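Accompanying notes for the structure given below.
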């Protein structure tokens, strides 16, 4: 064989090997779910999200979530945990450099009872008491944001009186939280038409009326898709009063990519507007077992793969 022809064939063969190796590497990277690289957005897991991949111990789940790129956690039931457990979770999060998202100020057996709308003195005192407790919980777990739901309609009085009662009660809570540089985030919901707070524009007006840095909107995108739609324009309209986001695709309330919502575009929009806070993963998992939890991580990698 002529030397020139041999060299050409060798170069072609070498190029083919390199190309094949690159393709294999690209395929591996694309399918690689257990990557510690932090996500662009700060998605917050919750208890039970990785039971199969890490076990049922919550701190083990937090450590596992960190190992696959998540840097935040939220826990609706934090106030129901013992002070010792709250401190232990807070310490574990701090050691990992993870951010605590919301917990719920659950003061009214939500959502079964009328609460703030009635103007009842008992409800006001109960809310104030729970806000004081929430301050101590927040110190233990390094939290800043607490979810608040005003409760159901009181059909015995007019809407205007109900609104006034809600504003009065919330102001009593903000007086406590503002002193401690904490924030209640009001969550409009879609669970039942009996809930007083259901839309972002209504919540925006409520926050403007209270006019406190300690009272903002929890913009749960699953609930707002069900109640309003028009996601990105409504985020823009309410932007200066939004303190926190939560995630869930619709229908089904599972991870991004399992429903009708284009979360890649939504995350890109929120990120481009400069939001650095937590986006809570308050949703279920579409598939069971380890496979479902791996699929969830992959879904977030895909939704987070936007470019600015």
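The values are calculated or read from the model by the stated rules, or taken from the named source; none is laboratory data. Because the structure is predicted, anything quoted here is derived from the model rather than measured. Counting neighbours? That spans all protein chains shown, and the Cβs are built from the backbone with ideal geometry, glycine included.
Brief remarks on what is shown
- Some residue of segment 241-262 being more than 15 Å from the chain's Cα centre (by Cα) and over 24 Å from residue 293 (Cβ atoms): yes
- For segment 27-67, a residue qualifies if it is modelled with pLDDT under 95, more than 14 Å from residue 98 (Cα to Cα) and either part of a loop (DSSP other than H, G, I, E, B) or in contact with a strand residue (DSSP E or B) (Cβ under 9 Å, 6 or more places away or on another chain) (or both), and the qualifying residues are 31, 32, 33, 34, 35.
- Residue in segment 103-115 that is in the same structural domain as residue 278 (by TED's automatic domain parsing), in contact (Cβ under 8 Å) with a residue 60 or more places away in the chain and under 30 Å from residue 64 (Cβ atoms) present: yes
- Residue in segment 124-135 that is within 26 Å of the chain's Cα centre (by Cα), in contact (Cβ under 8 Å) with a residue 60 or more places away in the chain, in a helix (DSSP H, G or I) and over 17 Å from residue 212 (Cα atoms) present: no
- The condition (being at positive phi and modelled with pLDDT of 95 or more) is satisfied by just one residue among 109, 142: 142.
- Condition met for residue 24 (over 21 Å from residue 283 (Cβ atoms), loosely packed, with under 10 Cβ neighbours inside 10 Å and modelled with pLDDT under 95): no
- Only listed residue being on the phi > 0 side of the Ramachandran plot and without any contact (Cβ under 8 Å) to a residue 24 or more places away in the chain, chosen from 252, 257, 274: 274
- Scanning segment 227-236 for residues that are out of contact with any helix residue (DSSP H, G or I) (no Cβ under 8 Å at 6 or more places or on another chain) and on the phi > 0 side of the Ramachandran plot turns up at least one hit.
- Top-ranked residue of segment 188-205 - restricted to ones that are touching a residue at least 40 places away in the same chain (Cβ under 8 Å) and part of a loop (DSSP other than H, G, I, E, B), ranked as surrounded by the fewest Cβ atoms within 10 Å (Cβ to Cβ): 192
- Exclusive hit being in a loop (DSSP other than H, G, I, E, B), at negative phi and at pLDDT 95 or above, set 168, 75, 160: 75
- In segment 218-243, the residues that are closer than 13 Å to residue 207 by Cα form Cβ pairs under 6 Å with partners that are in a helix (DSSP H, G or I), at six or more places apart or across chains, as follows: 238/200; 238/204; 241/204; 241/207.
- Hits in segment 177-191 - residues which are in contact with a strand residue (DSSP E or B) (Cβ under 8 Å, 6 or more places away or on another chain) and farther than 26 Å from residue 236 by Cβ: 177, 182
- Segment 178-187 - residue that is within 21 Å of the chain's Cα centre (by Cα) and closer than 15 Å to residue 135 by Cβ and, of those, surrounded by the fewest Cβ atoms within 10 Å (Cβ to Cβ): 181
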